[in-house]
Amino acid sequence: MGMRSCVWWQVTVLDFDDHESYDKVFDLKLLIEGGHPTVITKRGFHVYFKFTDQIQQPDKEKLNVDVLNTGKRAYFPGTR
């Protein structure tokens, strides 16, 4: 089951496309590991937060992560 709109579901999802980017965020202490629901995906991780429009999409050259919130679609764990 997909979330049609992250705003409607009141979540923001950080979609890490690889383990390196996920590890980098915690090494830089930008997030506290274990502080948010996290799901392992085929390529990396999804980290779930209460919805916020304050997290901006980072430069993909520096950090391989997508911010899924306003106008984006995310999927619940176990769905396709």
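Structure values in brief
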read-out: Residue that is surrounded by the fewest Cβ atoms within 10 Å (Cβ to Cβ), among those in segment 37-49 that are outside any loop (DSSP other than H, G, I, E, B) and touching a strand residue (DSSP E or B) at 6+ places or on another chain (Cβ under 7 Å); value: VAL39
read-out: Hey, ASP23 open to solvent by 30 Å² or more (accessible area, probe 1.4 Å), at pLDDT 85 or above and part of a strand (DSSP E or B) or not; value: no
read-out: Odd one out for THR12, checked against (1) open to solvent by less than 40 Å² (accessible area, probe 1.4 Å); (2) part of a helix (DSSP H, G or I); (3) at pLDDT 85 or above; value: (2)
read-out: Residues satisfying the stated conditions in segment 61-76, i.e. under 17 Å from PHE26 (Cα atoms) and part of a loop (DSSP other than H, G, I, E, B); value: LYS62, LEU63, ASN64
read-out: Counted residues, segment 52-78 - those being crowded, with 16+ Cβ neighbours inside 10 Å and touching a Ser or Thr at 6+ places or on another chain (Cβ under 6 Å); value: 4
read-out: Tally, over segment 26-57, of residues that are of a type in the set (A, V, I, L, M) and at pLDDT 75 or above; value: 4
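The values are calculated or read from the model by the stated rules, or taken from the named source; none is laboratory data. Just so it is clear, the model here is predicted, and its values are computed rather than measured. Neighbour counts are summed over all protein chains in view; Cβ atoms, including those assigned to glycine, are modelled from backbone coordinates with ideal geometry. SASA here: full protein model, heavy atoms, side chains in, ligands and nucleic acids out. Shrake-Rupley method; radii C 1.70, N 1.55, O 1.52, S 1.80 Å.
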